Amino acid sequence: MIKVFALALAALPVAVTAGYSNISKCIASMNGKLPYYTPEEFDFSGQVRRYYIAAEVDTWDYTPTGWDNWLGVPMNESFRAQTWGYIPTNESIGTVYDKALYRGYTGPDFKTPTEQAPWQGYMGPTLRAEVGDMIEILFINKMETFYASVHSMGLFYTKESEGSIYYNGTGTTPSPGDAVAPGECFTYKWLVPPPDTPNPGYVSKLYSYHSYVSMYQDQDAGLSGPVIVYEPGKMNTTMASNREFIVFYGDNQESNSFLALHNVEKYLPAVQAMNESSTYPQPGPGNHSIWYPQMINTPKTNVNTDMAANFFPMNGYIFANNPPFEMCVNDAAIWYLWDMGFDTHVAHWHGNNVYNNGLNTPAVPLNPGQMVTVNMIALNPGQWQLICHFNTHLSKGMEANYIIYRDNCPLPPLAT
Ligand SMILES: [Cu+2]
């Protein structure tokens with residue numbers, strides 16, 4: 001996996017995705033066997049949760065309604081959209097980009113997508129498990145050029161399933177799961193040991209996963225998803241008796257996505273963006289090594305923020321373009337909040353407060369990489385705002401709507 005590699009950019013490989021030559025080996029690895037090391041306190045429930053996830057390039061629109069629903073005007077009349085470069089021109093992409101996204105499937109043929117709530121947006125599929133369980137993920141990389149991995153934030157994994165490598169090969173044996181090549185697959189195994197149990201007073205807790213080949217570029221391209229952990233035996237009852245919402249406060253610097261040059265070539269054909277140098281650096285004297293997948297996912301390009309803007313979306317939507325989070329009055333709700341990227345966010349709900357570790361609050365601070373689980377009782381009917389209270393982020397799009405129905409609630413009732 002670690003290679004000394006120098007290569008002319010003109011010869012960047014475009015791998016053929018058809019075939020997945022190792023797929024039967026990856027499927028055979030979904031065998032329910034525990035990894036080579038397990039934590040001492042881990043008492044296996046025998047329950048294996050299996051998921052089928054692909055990394056794929058898909059077109060994404062940050063404003064599918066075409067409106068700045070915060071100001072109540074079409075995008076091209078929104079001064080904020082104009083200010084932040086969200087209006088498409090011959091020299092600026094606008095709000096529609098190709099992104100690298102995790103997509104869930106029902107089985108190893110990767111034919112039928114799993115169902116996902118509309119508000120979930122560009123996040124990957126929600127993985128769920130109870131304390132004591134093992135998660136097995138059959139992951140395939142459907143992208144043509146770039147590498148991807150599935151790195152867990154918070155669950156237990158052995159080095160084999162870490163989904164990231166330490167450059168120059170220090171202290172670890174590289175695993176194919178560190179960077180899955182186009183057209184390849186890997187089976188990750190994660191455990192949910194007792195320390196991952198939900199916080200006192202909660203029955204569930206948010207964790208997450210993301211690609212970690214070149215994290216900065218991988219994050220701006222997409223490739224992020226949620227994990228919810230439940231107390232033993234509590235998954236089904238919790239899901240049936242609560243509205244569960246995951247809100248991903250992220251930022252996307254599209255000029256830094258590994259798809260930035262691809263996006264300019266596709267959406268701005270008149271603009272000549274290109275790679276900054278014609279060759280990758282040559283290894284110097286000494287024990288240099290270049291990790292090839294990271295080099296591919298960190299393409300140095302002349303794409304700038306005029307061509308490809310910076311977005312501050314929630315679940316991939318800006319300016320209240322999200323399909324709303326919906327509840328009936330007096331419902332119990334669990335909000336799972338997640339921040340990734342380069343900035344702090346402050347989740348704030350109008351109309352209803354939340355309970356954060358037992359404290360009633362209208363605002364929950366989040367730092368990059370942090371996941372916070374809070375509760376709400378839907379006391380106050382109406383259509384309400386859920387925003388980031390950081391003013392510049394708000395201006396760049398971080399606002400969404402949630403609805404609490406008072407009469408004739410159209411949602412299936414919760415179990416009591
Ligand atoms: Cu923010």
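Among the candidates 147, 188, 166, 209, the residue that is under 23 Å from residue 101 (Cβ atoms) and over 16 Å from the mean Cα position of the chain (by Cα) is uniquely 188. If you go through the range 193-217 and keep only what is farther than 30 Å from residue 328 by Cβ and either touching a strand residue (DSSP E or B) at 6+ places or on another chain (Cβ under 7 Å) or surrounded by fewer than 17 Cβ atoms within 10 Å (Cβ to Cβ) (or both), you end up with 193, 194, 195, 196, 209, 210, 211, 212, 213, 216. The single condition among (1) among the acidic types (Asp, Glu); (2) surrounded by 15 or more Cβ atoms within 10 Å (Cβ to Cβ); (3) out of contact with any Asp or Glu (no Cβ under 7 Å at 6 or more places or on another chain) that residue 407 does not meet is (2).
Within the range 393-401, identify whether any single residue is crowded, with 17+ Cβ neighbours inside 10 Å and more than 23 Å from residue 255 (Cα to Cα), and answer yes or no. Yes, because at least one residue in the range 393-401 is crowded, with 17+ Cβ neighbours inside 10 Å and more than 23 Å from residue 255 (Cα to Cα).
Per-residue answers, yes or no, for (1) within 17 Å of the chain's Cα centre (by Cα); (2) surrounded by fewer than 20 Cβ atoms within 10 Å (Cβ to Cβ); (3) modelled with pLDDT of 95 or more:
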position	(1), (2), (3)
307	no, no, yes
314	yes, no, yes
330	no, yes, yes
334	no, no, yes
361	no, yes, yes
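Per this entry, residue 372 is not counted among residues that are more than 18 Å from the chain's Cα centre (by Cα) and at pLDDT 95 or above. One residue stands out among those in the range 294-351 that are among the hydroxyl-bearing types (Ser, Thr, Tyr) and under 29 Å from residue 414 (Cα atoms): the one that is farthest from the ligand (Cβ to nearest atom), which is 336.
Scan the range 359-368 and give yes if some residue there is more than 16 Å from the ligand (Cβ to nearest atom) and either basic (Lys, Arg) or within 22 Å of residue 118 (Cα to Cα) (or both), otherwise no. Looking through the range 359-368, none of the residues is more than 16 Å from the ligand (Cβ to nearest atom) and either basic (Lys, Arg) or within 22 Å of residue 118 (Cα to Cα) (or both). Taking the criterion of being in a strand (DSSP E or B) and free of Cβ contacts under 8 Å to residues at least 60 places away in the same chain, would at least one residue in the range 73-96 satisfy it? There is at least one residue in the range 73-96 that is in a strand (DSSP E or B) and free of Cβ contacts under 8 Å to residues at least 60 places away in the same chain. Of the residues screened, residue 274 is one that is modelled with pLDDT of 80 or more and farther than 30 Å from residue 226 by Cβ.
Is it the case that some residue within the range 198-208 is part of a loop (DSSP other than H, G, I, E, B), of a type in the set (Phe, Trp, Tyr) and out of contact with any Asp or Glu (no Cβ under 7 Å at 6 or more places or on another chain)? Scanning the range 198-208 turns up at least one residue that is part of a loop (DSSP other than H, G, I, E, B), of a type in the set (Phe, Trp, Tyr) and out of contact with any Asp or Glu (no Cβ under 7 Å at 6 or more places or on another chain). Name the pairs whose Cβ atoms lie under 6 Å apart, with the first residue in the range 339-351 and more than 18 Å from residue 375 (Cβ to Cβ), the second within 11 Å of the ligand (Cβ to nearest atom) and of a type in the set (A, V, I, L, M), and 6 or more positions between them or separate chains? Note: pairs meeting the criteria are 339/366; 345/366.
Residue-wise test of (1) of a type outside the set (Lys, Arg); (2) touching a His at 6+ places or on another chain (Cβ under 7 Å); (3) in a loop (DSSP other than H, G, I, E, B).
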site: 319; (1), (2), (3): yes, no, yes
site: 323; (1), (2), (3): yes, no, yes
site: 326; (1), (2), (3): yes, no, no
site: 333; (1), (2), (3): yes, no, no
site: 338; (1), (2), (3): yes, no, no
site: 341; (1), (2), (3): yes, no, yes
site: 346; (1), (2), (3): yes, yes, no
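Would you be able to say whether some residue in the range 51-72 is modelled with pLDDT of 95 or more, exposed (fewer than 15 other Cβ atoms within 10 Å of the Cβ) and touching a Leu at 6+ places or on another chain (Cβ under 6 Å)? The answer is yes, given that some residue of the range 51-72 is modelled with pLDDT of 95 or more, exposed (fewer than 15 other Cβ atoms within 10 Å of the Cβ) and touching a Leu at 6+ places or on another chain (Cβ under 6 Å).
When the range 374-413 is limited to residues that are under 15 Å from residue 325 (Cβ atoms) and hydroxyl-bearing (Ser, Thr, Tyr), the one that is farthest from the ligand (Cβ to nearest atom) turns out to be 405.
Report yes if residue 379 is over 23 Å from residue 208 (Cβ atoms) and either of a type in the set (Asp, Glu) or in contact (Cβ under 8 Å) with a residue 12 or more places away in the chain (or both), otherwise no. Yes.
The values are calculated or read from the model by the stated rules, or taken from the named source; none is laboratory data. As the structure is a computational prediction, the values presented were derived from the model and not from experiment. Heads up, the Cβs are rebuilt from the backbone with ideal geometry, glycines too, and the neighbour counts pull from every protein chain shown.
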